[in-house]
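No lab work stands behind these numbers, since they all come straight from the coordinates. A quick note: this is a predicted structure, and the numbers were derived from the prediction, not measured. Counting neighbours? That spans all protein chains shown, and the Cβs are built from the backbone with ideal geometry, glycine included.
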Amino acid sequence: MSHDPNCIFCKIIAGQIPSRKVYEDDDLYAFHDIHPWAPVHFLLVPKLHLPSMAQLGPEHERLMGKLMCLAPKLALEQGCRPWPEGGFRIVCNNGAEGGQEVQHLHVHVMGGPRPWHKG
């Protein structure tokens with residue numbers, strides 16, 4: 001599996017940098033964001049080092065399908081309420097103009113009860 005020895009997410013996946021793990025299997029790793037924007041906020045990353053969505057090809061369809069199907073399950077396990085009353089956001093920044101700070105493909109999963117929400 002490809003990795004970049006200088007990538008902070010590759011180091012987190014390898015256990016070289018500590019994280020608060022949410023989930024791990026052979027293909028994916030999920031961990032809590034160190035600066036959460038919501039009551040539930042974790043990152044879901046492929047273990048394969050891909051700099052961004054711009055590098056995805058047909059060979060990554062299974063991996064990305066797995067990632068997107070896993071996100072709702074983990075969101076519920078981490079405290080997001082079920083749809084339609086509850087919910088969560090999945091955000092994927094791509095490239096400098098898209099706000100991507102770490103050059104390793106990742107999605108932010110954010111949700112949970114908000115103080116201004118009347119649900």
Distance between Cα centroids, the stretch 26-46 to the stretch 94-109: provide it in whole Å. 13 Å
Take every Cα pair under 8 Å in the stretch 1-99 that's 6+ residues apart, average their separations, divide by the length, and report that relative contact order as a whole percent. 21 percent
³J(HN,Hα) across the stretch 47-62 via Karplus (A = 6.51, B = -1.76, C = 1.60, θ = phi - 60°), whole Hz, x for Gly/Pro? 6, 5, 6, 10, x, 6, 5, 5, 9, 6, x, x, 5, 9, 4, 4
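For the chain, what does -39500 (n - 2.57) per DSSP helix run (n ≥ 4), summed and divided by total residues, give at 222 nm, in deg cm²/dmol to the nearest 500? Kindly include the intermediate steps, with their values, before the conclusion.
Details: 2 runs with 23 residues, N = 119.
Result for the chain: -6000 deg cm²/dmol, rounded to the nearest 500.
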What number of lysine-lysine pairs in the chain show an alpha-carbon separation below 26 angstrom, given a sequence spacing of 8 or more or placement on distinct chains? 10
Isolated Cys in the chain by the 4.7 Å beta carbon test? Cys69, Cys80, Cys92
For the residue pair Arg114 and Ile34, what label-to-label distance in nm results when each label sits 7 Å from Cα along the Cα-to-beta-carbon direction? 2.7 nm
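Only Lys, Arg, Asp and Glu count, each charged at its Cβ (+1, +1, -1, -1), so figure out the dipole size of the chain about its Cα centre, rounded to 20 debye. Before the final figure, lay out the partial values.
On the way: 11 positive and 12 negative charges, 94 e Å.
Computed charge dipole of the chain: roughly 460 debye.
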